[in-house]
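Q: First, the structure itself, so that you have it in front of you.
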């Protein structure tokens, strides 16, 4: 897996991702402490609202940013987003009002909504070989999981010798280092192919229209719902479960989350070898099915009063949830890569970013509010149903026979039409991408 780091461009981009993730992890801890300092007992409500603002920014800004990223040099765009994030992090220690936190969080996450999908869309151009790209996806998944494990520990160590406000300095340094690493490499410039005369709305929604018109990506959207349902149960209710019904220590919260992260990392390590031998569809749908089963088991376990037996079962269950979670998440980039032309990738990756976070925007409050109102056992079973809906949707919308390339012709199009540029250069064969042009040529494959 580490052999792909021999590619200098990818190595610098991966380092930029890791450093920015560490900075973001430090900011997460510092933000929680800042909210408590300003809001006191209302800190939980403040952080909950901030999380909702984050998701709203992702859903609303990502498509706009995806359209913009297709018209400007990627390197300049990514560096600008990093500098905006660094500027917001500089301002966070000086806020004194809750509304200021909300405003800065929206600006920060809006910049992240521009940076992340554009960054993700750049990697398949840097690593055109699918085997290399698959390993890059697994390495990226590992980076996210390691950040979840290491950043809180690093923050705890730093807080022993510094004030929490100084943690924001680490965030600023992370974003600035990320910008410097992006500047240090040459990135491909993708020229947008949106037809002249299209409205801003048409250009902005192009990625989402391509996404929703592509069968495998509609299936991916259903799987996004499954992942969000299972992930919300873990992220929202782990602390409630450990400190509430089980009555265990704070350290056990970290241990249970570490089990989830460890399972995710294990899956990320094994997936490149698995995906070399198996198609994405059965791997991802089977993993989502595993998540459904695990949530049902969790709901049954939580009805038990044998808490001494419940704890070891939960440790193993969280490892398996992490495995299923990562097995659905990690191959996502492969589907997006093969479903869009190079010029459309920023828009399609932005669509995935927005639509997947829309699923989280649904499941986060469902997991929290339902857990408080109806109990954790019932919540796990409801989220299992939501996960099952995602699995069923993927089975229905994602064809079992899903070749990467389908040969087809567009007899009514001029040879210089941008949609056919790749096709005419490759004997009328190109990746199966359905976008708004197909509405005009319904006989297309």
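Q: Suppose the filter is closer than 22 Å to residue 32 by Cα and either at pLDDT below 85 or in contact with a helix residue (DSSP H, G or I) (Cβ under 8 Å, 6 or more places away or on another chain) (or both); does residue 146 pass it? If you could, list the steps in order and put the result at the bottom.
A: On the way: closer than 22 Å to residue 32 by Cα: yes; either at pLDDT below 85 or in contact with a helix residue (DSSP H, G or I) (Cβ under 8 Å, 6 or more places away or on another chain) (or both): yes.
In short, yes.
Q: Please go through the range 76-90 and pick out each residue that is farther than 21 Å from residue 14 by Cβ and crowded, with 22+ Cβ neighbours inside 10 Å.
A: 88, 89
Q: Something else now. Out of 340, 347, which single residue is touching a residue at least 12 places away in the same chain (Cβ under 8 Å) and either outside the structural domain of residue 221 (by TED's automatic domain parsing) or in contact with a strand residue (DSSP E or B) (Cβ under 9 Å, 6 or more places away or on another chain) (or both)?
A: 340
Q: When you go through (1) assigned to a helix (DSSP H, G or I); (2) touching a residue at least 60 places away in the same chain (Cβ under 8 Å); (3) more than 22 Å from the chain's Cα centre (by Cα) one by one for residue 303, which number turns out not to apply?
A: (1)
To keep it simple, each residue is scored yes or no on (1) touching a helix residue (DSSP H, G or I) at 6+ places or on another chain (Cβ under 6 Å); (2) farther than 16 Å from residue 395 by Cβ.
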| residue | (1), (2) |
| --- | --- |
| 225 | yes, no |
| 251 | no, yes |
| 254 | no, yes |
| 260 | yes, yes |
| 287 | yes, no |
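Q: Follow-up question, since we're still on this one. Test residue 327 against the stated conditions and say whether it is in contact with a helix residue (DSSP H, G or I) (Cβ under 9 Å, 6 or more places away or on another chain), over 26 Å from residue 277 (Cα atoms) and not assigned by TED's automatic domain parsing to the domain that holds residue 73.
A: no
Q: So residue 242 passes all but one of these: (1) modelled with pLDDT of 85 or more; (2) in a helix (DSSP H, G or I). Which condition number does it fail?
A: (1)
Q: Could you give every pair whose Cβ atoms fall below 6 Å, whose first residue belongs to the range 75-91 and is touching a residue at least 60 places away in the same chain (Cβ under 8 Å), and whose second residue is crowded, with 18+ Cβ neighbours inside 10 Å and not in a helix (DSSP H, G or I), counting only separations of at least 6 or pairs across chains?
A: Close Cβ pairs satisfying both conditions: 75/187.
Q: Please indicate, with yes or no, whether at least one residue in the range 136-151 is without any contact (Cβ under 8 Å) to a residue 60 or more places away in the chain and in the same structural domain as residue 65 (by TED's automatic domain parsing).
A: no
Q: Among (1) modelled with pLDDT under 70; (2) under 26 Å from residue 265 (Cα atoms); (3) surrounded by fewer than 14 Cβ atoms within 10 Å (Cβ to Cβ), which single condition is residue 157 missing?
A: Of everything listed in (1) modelled with pLDDT under 70; (2) under 26 Å from residue 265 (Cα atoms); (3) surrounded by fewer than 14 Cβ atoms within 10 Å (Cβ to Cβ), residue 157 misses just condition (1).
Q: Quick check on this structure: which one of 93, 117, 124 is part of a helix (DSSP H, G or I), surrounded by fewer than 23 Cβ atoms within 10 Å (Cβ to Cβ) and touching a helix residue (DSSP H, G or I) at 6+ places or on another chain (Cβ under 6 Å)?
A: 93 is the lone residue from the list that is part of a helix (DSSP H, G or I), surrounded by fewer than 23 Cβ atoms within 10 Å (Cβ to Cβ) and touching a helix residue (DSSP H, G or I) at 6+ places or on another chain (Cβ under 6 Å).
The values are calculated or read from the model by the stated rules, or taken from the named source; none is laboratory data. None of the values given here were measured: they were computed from a predicted structure. Every residue, glycine as well, gets a Cβ built from its backbone with ideal geometry; the counts of neighbours run over all protein chains shown.
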